[in-house]
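Engineer: This is the structure I want to talk about, given as structure tokens.
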Amino acid sequence: MEFWNTIIFELGVRPVLLIDLLSAVFGLTTVFLAGRNRKSNFYVGYLYTALLFFMFWQKNLYANLILQPISLGINIMGQYRWSHPKKSEESASGSGDLKVSMLTWSQRGGIVLLVLVLALVWGWLMSMMGTKWFVGYFPANPLPYLDCCVTVLILTAQTLSALKKWDCWIAWLFVNIANLTLYLKAGLVFMPIVSCLYLVNGIWSLFTWYRLYKKNV
């Protein structure tokens with residue numbers, strides 16, 4: 001763990017650790033590639049998932065920690081779906097890739113409701129960890145509901161991205177805004193800056209994928 005905690009530079013009085021810097025670089029790379037419709041984003045995503053696992057373990061953000069093995073599964077599914085679409089889902093480019101599609105309004109409403117319910121239930125469970133349950137085994141999560149809200153939003157955004165739904169970028173925008181709040185409250189300095197870069201990429205990708213959707217690509 002000492003290697004990952006190597007201080008690379010400082011922002012004000014806050015040190016930026018090696019694990020923070022590597023997570024930022026790999027994270028920005030994978031979302032940039034996804035926004036440009038590149039399947040190589042999944043390979044970078046595998047490394048990013050491993051880095052986040054170590055980082056959240058150190059910060060006691062358990063919901064985000066639990067997210068990483070699930071994210072790995074979604075990544076594997078996404079890589080397969082992008083490369084093996086059904087005949088009706090193929091891109092008009094003739095490449096045999098999955099085309100960009102959109103959710104219906106009823107599907108969007110159902111997803112919003114599901115996110116709210118899961119975030120509340122999971123947040124309550126996490127609030128019990130270290131305070132009522134397993135006291136002495138796990139440090140209490142300082143921000144259980146916000147942590148879990150971000151977690152559920154990330155799972156939603158990743159799943160929609162794996163299915164190549166344009167709506168994934170709407171979900172990512174909410175994730176980035178929530179992450180800004182979470183990282184600031186957790187005392188991080190470098191990651192909020194990175195979240196701003198994610199936000200810029202998300203807005204750019206929102207329009208990029210909309211053009212792909214219109215072209216049936």
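Engineer: Take the Cα radius of gyration of segment 144-186 and divide it by 2.2 N^0.38 Å, with N its residue count; two decimals is plenty.
Structural biologist: Numbers: Rg = 10.6 Å, N = 43, 2.2 N^0.38 = 9.2 Å.
It is 1.15.
Engineer: As an exercise, use a Förster radius of 25 Å and the Cβ-Cβ distance of Thr29 and Leu125 to find the FRET efficiency, rounded to the nearest 0.05.
Structural biologist: On the way: r = 33 Å, r/R0 = 1.32.
Computed FRET efficiency for Thr29 and Leu125: 0.15.
Engineer: Something else now. Find the percent of Cα-Cα distances in segment 139-217 that exceed 19 Å, and round it to a whole number.
Structural biologist: Values: 1259 of 3081 pairs.
Percent of Cα pairs beyond 19 Å in segment 139-217: 41.
Engineer: Further, regarding this structure: Give a residue-ordered list of calculated ³J(HN,Hα) values for segment 65-72 (Karplus: 6.51 cos²θ - 1.76 cosθ + 1.60, θ = phi - 60°; whole Hz; x for Gly, Pro).
Structural biologist: With coefficients 6.51, -1.76 and 1.60, one gets 5, 5, 4, 5, x, 5, 4, 4 Hz.
Engineer: Give me the Kirkwood hydrodynamic radius of segment 63-115 in Å, from all C-alpha pairs, to one decimal place? Spell out each step's value before the answer.
Structural biologist: Numbers: mean 1/r = 0.0752 Å⁻¹.
After inverting the pairwise mean of 1/r, the radius is 13.3 Å.
Engineer: Would you kindly calculate the translational diffusion coefficient of segment 166-209, applying Stokes-Einstein with the Kirkwood radius from alpha carbon pairs, for 20 °C and a viscosity of 1.002 mPa s, and quote it in µm² s⁻¹ without decimals? It would help to have the intermediate numbers written out before the result.
Structural biologist: Details: Rh = 10.5 Å.
Taking Rh from Cα pairs, D becomes 204 µm²/s.
Engineer: Please enumerate, by chain and number, the lysines with C-alpha under 28 Å from the C-alpha of Lys164, excluding those fewer than 8 residues away in the same chain.
Structural biologist: Once the sequence-local lysines are set aside, what remains near Lys164 is Lys39, Lys86, Lys87, Lys99, Lys214, Lys215.
Engineer: Tell me the label-point distance for the pair Arg211, Cys196, using the 7 Å Cα-to-Cβ offset, in nm and rounded to one decimal.
Structural biologist: For the pair Arg211/Cys196, the computed spacing is 2.6 nm.
Engineer: For Leu113 and Ile177, what does the FRET efficiency come to when R0 = 25 Å and r is the distance between their Cβ atoms, rounded to the nearest 0.05? It would help to have the intermediate numbers written out before the result.
Structural biologist: Numbers: r = 20 Å, r/R0 = 0.79.
After rounding, the FRET efficiency stands at 0.80.
Engineer: Around Asp97, which amide H atoms from residues at least 5 apart in sequence, or from another chain, sit under 5 Å from its own amide H, with H modelled in the peptide plane?
Structural biologist: Hits under the 5 Å cutoff: Ser91.
Only the coordinates and a few stated rules stand behind these numbers; no lab work does. Here the structure is a predicted model, which is why all the values come from computation and not from measurement. Virtual Cβ from ideal backbone geometry, glycine too; neighbours counted across all protein chains shown.
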